[in-house]
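The values are calculated or read from the model by the stated rules, or taken from the named source; none is laboratory data. Keep in mind that what you see is a predicted model, and the values were worked out from it rather than measured. As a convention, Cβ positions derive from the backbone with ideal geometry for all residues, glycine included, and neighbour counts pool all protein chains shown. Just so you know, the surface numbers come from the protein's heavy atoms only, side chains and all, with ligands and any DNA or RNA stripped out. Shrake-Rupley method; radii C 1.70, N 1.55, O 1.52, S 1.80 Å.
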Amino acid sequence: MEIVILAVVIAVVVIGALGGLVVGSRRKKQLPPPPPATPDITAPPAEPHVGEEAETPRDETRRTIEEVDLPDGGTATVEEPPVEELEIPQLEVPEPTAGRLVRLRARLSRSQNALGKGLLTLLSREHLDEDTWEEIEDTLLTADVGVQPTQELVERLRERVKVLGTRTPEELRALLREELITLVGPDMDREVKTEPVASKPGIVMVVGVNGTGKTTTTGKLARVLVADGRSVVLGAADTFRAAAADQLQTWGERVGAHTVRGPEGGDPASVAFDAVKEGKEMGSDVVLIDTAGRLHTKTGLMDELGKVKRVVEKHAPLDEVLLVLDATTGQNGLIQARVFAEVVNITGIVLTKLDGTAKGGIVVAVQHELGVPVKLIGLGEGADDLAPFEPAAFVDALIGE
């Protein structure tokens with residue numbers, strides 16, 4: 001019995017072993033095919049060889065020099081771009097200054113003769129009572145003549161009219177013209193001192209508040225002097241305002257005046273000193289120095305202006321210090337004038353913008369305030385609209401025809 005059981009166990013083991021072999025053979029994976037005997041490898045391009053290993057050159061068709069078409073002349077020519085010629089600015093010929101204010105009289109009278117016409121109308125009334133004289137005073141004050149000059153003029157007119165008795169329009173016009181000319185001051189010296197002395201040129205310094213037109217006035221004054229046959233050097237001592245030196249140089253180039261300038265923001269006194277120095281070396285007749293605009297309420301700026309004057313006078317004393325005033329500012333211009341007169345010795349006044357809404361009486365007021373004559377007036381934006389002040393022509397423009 002035991003032998004039978006042993007035989008059965010051995011049979012089961014054998015059958016299990018055979019079954020495992022069959023299953024394992026089915027699960028075997030198929031191996032990849034063997035690689036080819038000789039792989040295809042693309043060879044890199046051959047490197048160039050030299051010497052004996054060099055390849056035989058290929059036969060190529062080549063052109064000889066004889067077969068190449070050359071331009072006529074046998075040599076190629078290279079065209080150079082044309083050289084641009086520098087344009088030399090043509091110098092302008094300013095209008096002569098003699099009688100310039102008379103020529104501009106019509107322009108002045110269009111905007112200024114309200115004063116003269118108003119006074120003539122009032123004086124032509126049949127009865128000149130106190131109310132009429134008060135209106136005359138108001139007319140003069142409105143024209144910025146000033147309080148004291150107005151009182152003086154009214155008193156003289158009262159006396160002259162009382163003596164005159166019957167008043168015709170022609171007599172009144174002559175009377176008013178005479179009194180206004182007296183008020184303006186015909187005996188004041190209005191010549192701009194620009195005469196050179198020995199080896200020293202005439203030295204003129206232009207001062208004023210911001211916005212009054214100092215640089216433009218300096219340029220126009222250069223034109224006035226050139227028109228009178230003077231040689232001019234311009235000193236661009238306004239180093240604080242952007243493009244001020246460029247503006248002045250442009251004015252100079254138009255009439256052939258040399259401009260001395262320094263770096264922007266530099267020392268204005270140094271520029272003024274150099275301008276006078278170069279003016280002397282060049283033998284020029286006049287040196288015009290344009291200074292920076294000053295706020296009359298700023299002590300430091302006014303002190304700087306005094307420094308410029310002192311430095312210039314190390315070369316020679318100034319012949320003129322011209323204060324540029326905007327005629328439209330009225331009584332405020334008088335305040336400015338007082339402060340400038342305390343810092344530098346003002347010798348003359350230039351009134352600009354007398355062609356617009358300005359009131360002609362400011363001429364009287366500023367002269368009375370400073371005891372300094374108005375020497376030049378600006379009547380417009382044109383290059384030749386700066387004119388020497390002539391009392392008779394000015395009064396004629398005020399009272400009209």
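Taking the conditions exactly as written (assigned to a helix (DSSP H, G or I), surrounded by fewer than 20 Cβ atoms within 10 Å (Cβ to Cβ) and acidic (Asp, Glu)), does Glu342 satisfy them or not?
Working: assigned to a helix (DSSP H, G or I): yes; surrounded by fewer than 20 Cβ atoms within 10 Å (Cβ to Cβ): yes; acidic (Asp, Glu): yes.
Against the criterion (assigned to a helix (DSSP H, G or I), surrounded by fewer than 20 Cβ atoms within 10 Å (Cβ to Cβ) and acidic (Asp, Glu)), Glu342 qualifies.
Open to solvent by 60 Å² or more (accessible area, probe 1.4 Å), under 37 Å from the mean Cα position of the chain (by Cα) and either at pLDDT 85 or above or not aliphatic (A, V, I, L, M) (or both): does that describe Pro71?
On the way: open to solvent by 60 Å² or more (accessible area, probe 1.4 Å): yes; under 37 Å from the mean Cα position of the chain (by Cα): no; either at pLDDT 85 or above or not aliphatic (A, V, I, L, M) (or both): yes.
For Pro71, the condition - open to solvent by 60 Å² or more (accessible area, probe 1.4 Å), under 37 Å from the mean Cα position of the chain (by Cα) and either at pLDDT 85 or above or not aliphatic (A, V, I, L, M) (or both) - is not met.
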| said: Is it the case, given these coordinates, that Val204 is under 25 Å from Val374 (Cα atoms), at pLDDT 90 or above and in contact with a helix residue (DSSP H, G or I) (Cβ under 7 Å, 6 or more places away or on another chain)? | reply: no
| said: Can you tell me which of (1) under 22 Å from the mean Cα position of the chain (by Cα); (2) assigned to a helix (DSSP H, G or I); (3) at pLDDT 90 or above is the one Leu305 doesn't meet? | reply: (3)
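Give segment 110-125 a look and list any residue that's among the polar types (S, T, N, Q) and either surrounded by fewer than 18 Cβ atoms within 10 Å (Cβ to Cβ) or modelled with pLDDT of 75 or more (or both), or say none.
Going residue by residue through segment 110-125, those that are among the polar types (S, T, N, Q) are 111-113, 121, 124.
Of everything in segment 110-125, those that are among the polar types (S, T, N, Q) and either surrounded by fewer than 18 Cβ atoms within 10 Å (Cβ to Cβ) or modelled with pLDDT of 75 or more (or both) turn out to be Ser111, Thr121, Ser124.
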| query | In this structure, is Pro373 crowded, with 18+ Cβ neighbours inside 10 Å, of a type outside the set (Ser, Thr, Tyr) and modelled with pLDDT of 85 or more? | reply | yes
| message | Taking the condition of being closer than 18 Å to Ser270 by Cα and under 8 Å from the mean Cα position of the chain (by Cα), how many residues in segment 244-259 meet it? | response | 4
| query | When the residues of segment 308-334 are filtered to those that are at pLDDT below 85 and open to solvent by 40 Å² or more (accessible area, probe 1.4 Å), which remaining residue is farthest from Gly348 (Cα to Cα)? | reply | His315
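When you look at Glu179, is it in a helix (DSSP H, G or I), open to solvent by less than 70 Å² (accessible area, probe 1.4 Å), of a type in the set (Asp, Glu) and free of Cβ contacts under 8 Å to residues at least 40 places away in the same chain, yes or no?
Against the criterion (in a helix (DSSP H, G or I), open to solvent by less than 70 Å² (accessible area, probe 1.4 Å), of a type in the set (Asp, Glu) and free of Cβ contacts under 8 Å to residues at least 40 places away in the same chain), Glu179 qualifies.
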